[in-house]
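To keep things clear, I will list the structure first and then write my remarks on it.
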Amino acid sequence: QVHLVESGGGLVQPGESLRLSCEVSGSLFRINDMGWYRQAPGKQRELVAIITRGRNINYASSAQGRFTISRDDIKRTVILEMNNLKPDDTAVYYCNVDVQYYRDASLYQTNNWGQGTQVTVSS
């Protein structure tokens, strides 16, 4: 099984920073795309940033220039550094990871979600 554990959310004031971390565990063959999504109250879940195994990165326009995504394949971790946070960034942030693993000599690929971590930006 694949487990994602997120950490780093919290309550901050506008202009402050937060660092979200997501650690992947399980008996895995490969971790492919790793990303962060968020869902604000009453809104659909949306992509914040995604990083491929080859380190290609895409950001939502709202995150461009303020957020930085990175990954450490040895630690099986994806990080989201968020700077100059705004009230509109308030949401539950979810880690999302594509992995491959072997079971009974067959290779499987699954898409997995973390449990979510609350980020609140308020004065």
Q. What is the one condition in (1) at pLDDT 95 or above; (2) open to solvent by 50 Å² or more (accessible area, probe 1.4 Å); (3) in a loop (DSSP other than H, G, I, E, B) that LEU47 does not satisfy?
A. (3)
Q) Would a scan of segment 49-61 turn up a residue that is in contact with a Cys (Cβ under 8 Å, 6 or more places away or on another chain) and not hydroxyl-bearing (Ser, Thr, Tyr)? A) no
(Q) Go through (1) open to solvent by 50 Å² or more (accessible area, probe 1.4 Å); (2) more than 18 Å from SER7 (Cβ to Cβ) for LEU28 and report which single condition fails. (A) (1)
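The values are calculated or read from the model by the stated rules, or taken from the named source; none is laboratory data. Note that this is a predicted model, so its numbers are computed, not measured. With ideal geometry, Cβ positions are generated from the backbone for all residues, glycine too; neighbour counts draw on all protein chains shown. Heads up: the accessible areas ignore ligands, DNA and RNA and are worked out on the full protein's heavy atoms, side chains in. Shrake-Rupley method; radii C 1.70, N 1.55, O 1.52, S 1.80 Å.
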